[in-house]
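The values are calculated or read from the model by the stated rules, or taken from the named source; none is laboratory data. This one's a predicted model, so the numbers in the text were calculated from it and none came from an experiment. Cβ: placed from backbone, ideal geometry, glycine included. Neighbour counts: every protein chain shown. Heavy atoms of the whole protein, side chains included, go into the accessibility calculation; ligands, DNA and RNA do not. Shrake-Rupley method; radii C 1.70, N 1.55, O 1.52, S 1.80 Å.
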Amino acid sequence: ATMDRLSAHLTKTEIIPEAQLAAQAALFFQHARLLKTKFALIEKSFALVDTFESSVYGPMFLTDKTTVSWYQGLPIFGTGEDESETERAMFFVMQAIFDHIYNANAAG
């Protein structure tokens, strides 16, 4: 459900308020260890990243908002001062994918 909600947010079929974006990203991160248990979950997580990369928010680290160190020195979520909550949520989603799919043996 979390991947579906984030995908809907990225395609603007559902607008998730900033505070809830943090909760959705945290929920994804909390359950990321389950990604490697089913190939369908891996595919769905990759599709979520693809949706982000092709959305108005992406691609990560290549837009005006994400080429600078916007993620350094700021609280993880909740300030709203840089209007990057969606990008920040997807940063944590991508990190979870990296940790639990690409580095599955190291992440446990």
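Of note:
- Any hit, the stretch 6-14, residues being of a type in the set (D, E, K, R) and in a helix (DSSP H, G or I): no
- Failed item in (1) among the β-branched types (Val, Ile, Thr); (2) modelled with pLDDT of 95 or more; (3) within 11 Å of ILE97 (Cα to Cα), with THR51 passing the rest: (3)
- Scanning the stretch 1-33 for residues that are open to solvent by 60 Å² or more (accessible area, probe 1.4 Å), among the hydrophobic types (A, V, I, L, M, F, W, C), touching a residue at least 40 places away in the same chain (Cβ under 8 Å) and within 18 Å of ASP99 (Cα to Cα) yields a single hit, PHE29.
- Looking across the stretch 34-60, the residues that are open to solvent by 70 Å² or more (accessible area, probe 1.4 Å), within 21 Å of LYS12 (Cα to Cα) and part of a loop (DSSP other than H, G, I, E, B) come down to SER54, VAL56.
- Subset tally (residues that are part of a helix (DSSP H, G or I), farther than 13 Å from GLU87 by Cα and out of contact with any Ser or Thr (no Cβ under 8 Å at 6 or more places or on another chain)) for the stretch 15-30: 6
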